[in-house]
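Note sheet for the following structure.
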Amino acid sequence: MPVRNVVLYPDERLRKKCRRVKEVNDEVLRLIEDMVETMYAERGVGLAAPQIGVNRRVIVVHAHQAEDDPRSRLLGIVNPEIVERGQSSEFDEEGCLSIPGIRGDVLRHTEIVIEALDHEGDEIRLKLNEFEARVFQHEMDHLDGILFTDHLDGLTREVLLRQYEVQQAEEKGK
Ligand SMILES: [Zn+2]
């Protein structure tokens, strides 16, 4: 199960709408395994397939990673759709493995219901709330080519992305 390289902004592969998975076969299972390894290696709480350069509607999420947290669960999810959204939304800080080093406040629904296939290809319906719901919304955005910075107001986005570009240039210069 190799750790894959994470695709970094402004790579165009992050802007593509991803294709649905027709069948959850061994290839998809291997993709999910690689995504899990990559997510843990990068200390992320979620990862979407386009972030390792794969144009498929697949995400992995492990929002509460502390072993003693009763909410701790690792999910490999295929073709997720939001079928219900709760009334309330809240702002909280987000970051992204594809735009490392910057964080911004994003408004998300605090409760959603999704329908999807799990890693075995079974149809599932999940009610998600709080942080896990936030991670799902962030990762599902990736499947439509949307990044968390797209949700920020114009000036905040410009300032943060400028910071990011400077940091990336410094990284390359090292
Ligand atoms: Zn992200």
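Against the condition assigned to a helix (DSSP H, G or I), out of contact with any Pro (no Cβ under 6 Å at 6 or more places or on another chain) and buried (at least 17 other Cβ atoms within 10 Å of the Cβ), how does T156 come out, does it pass?
On the way: assigned to a helix (DSSP H, G or I): yes; out of contact with any Pro (no Cβ under 6 Å at 6 or more places or on another chain): yes; buried (at least 17 other Cβ atoms within 10 Å of the Cβ): no.
For T156, the condition - assigned to a helix (DSSP H, G or I), out of contact with any Pro (no Cβ under 6 Å at 6 or more places or on another chain) and buried (at least 17 other Cβ atoms within 10 Å of the Cβ) - is not met.
I146 passes every criterion in (1) closer than 14 Å to A49 by Cα; (2) touching a strand residue (DSSP E or B) at 6+ places or on another chain (Cβ under 9 Å) apart from (2).
Assess whether R73 counts as being of a type outside the set (A, V, I, L, M), modelled with pLDDT of 95 or more, closer than 24 Å to D122 by Cβ and touching a Leu at 6+ places or on another chain (Cβ under 9 Å). Give the steps one after another, and end with the answer.
Working: of a type outside the set (A, V, I, L, M): yes; modelled with pLDDT of 95 or more: yes; closer than 24 Å to D122 by Cβ: yes; touching a Leu at 6+ places or on another chain (Cβ under 9 Å): no.
The answer is no for R73.
Taken as a whole, the condition of being within 16 Å of the ligand (Cβ to nearest atom) and closer than 20 Å to L161 by Cα applies to L14.
Scan I82, I59, I146 and give me the residue that is among the β-branched types (V, I, T) and free of Cβ contacts under 8 Å to residues at least 24 places away in the same chain. Full working, then the answer.
Values: I82 fails: free of Cβ contacts under 8 Å to residues at least 24 places away in the same chain; I59 fails: free of Cβ contacts under 8 Å to residues at least 24 places away in the same chain.
Step by step, each of I82, I59, I146 is checked, and only I146 is among the β-branched types (V, I, T) and free of Cβ contacts under 8 Å to residues at least 24 places away in the same chain.
In region 80-115, what residues are more than 15 Å from the ligand (Cβ to nearest atom) and either aromatic (F, W, Y) or surrounded by fewer than 14 Cβ atoms within 10 Å (Cβ to Cβ) (or both)? Hits for region 80-115 are E81, V83, E84, Q87, S88, S89, E90, F91, L107. Taking the criterion of being surrounded by fewer than 22 Cβ atoms within 10 Å (Cβ to Cβ), of a type outside the set (G, A, S) and more than 16 Å from the ligand (Cβ to nearest atom), the residues of region 121-144 that qualify are D122, E123, I124, R125, L126, K127, N129, E130.
If a residue has to be more than 16 Å from I99 (Cβ to Cβ) and surrounded by 15 or more Cβ atoms within 10 Å (Cβ to Cβ) to count, how many in region 8-28 make the cut?
Of region 8-28, the ones more than 16 Å from I99 (Cβ to Cβ) are 16-28.
Keeping just the survivors that are surrounded by 15 or more Cβ atoms within 10 Å (Cβ to Cβ) gives 18, 21, 24, 28.
Residues that pass the stated criteria total 4.
Give region 116-139 a look and list any residue that's part of a strand (DSSP E or B) and closer than 17 Å to S88 by Cα, or say none. If you could, list the steps in order and put the result at the bottom.
Looking only at region 116-139, we keep the residues that are part of a strand (DSSP E or B), and these are 116-117, 123-129.
K127, L128, N129 - these are the residues of region 116-139 that are part of a strand (DSSP E or B) and closer than 17 Å to S88 by Cα.
Looking at D118, is it of a type in the set (D, E), away from the ligand (no atom under 15 Å from the Cβ), surrounded by 15 or more Cβ atoms within 10 Å (Cβ to Cβ) and closer than 21 Å to Q51 by Cα? Walk me through it before giving the result.
Values: of a type in the set (D, E): yes; away from the ligand (no atom under 15 Å from the Cβ): yes; surrounded by 15 or more Cβ atoms within 10 Å (Cβ to Cβ): yes; closer than 21 Å to Q51 by Cα: yes.
Answer is yes for this residue.
The values are calculated or read from the model by the stated rules, or taken from the named source; none is laboratory data. In this text, all values refer to a predicted model and were calculated from it rather than measured experimentally. All Cβ positions, even for glycine, are placed from backbone atoms using ideal geometry, and neighbour counts span all protein chains on display.
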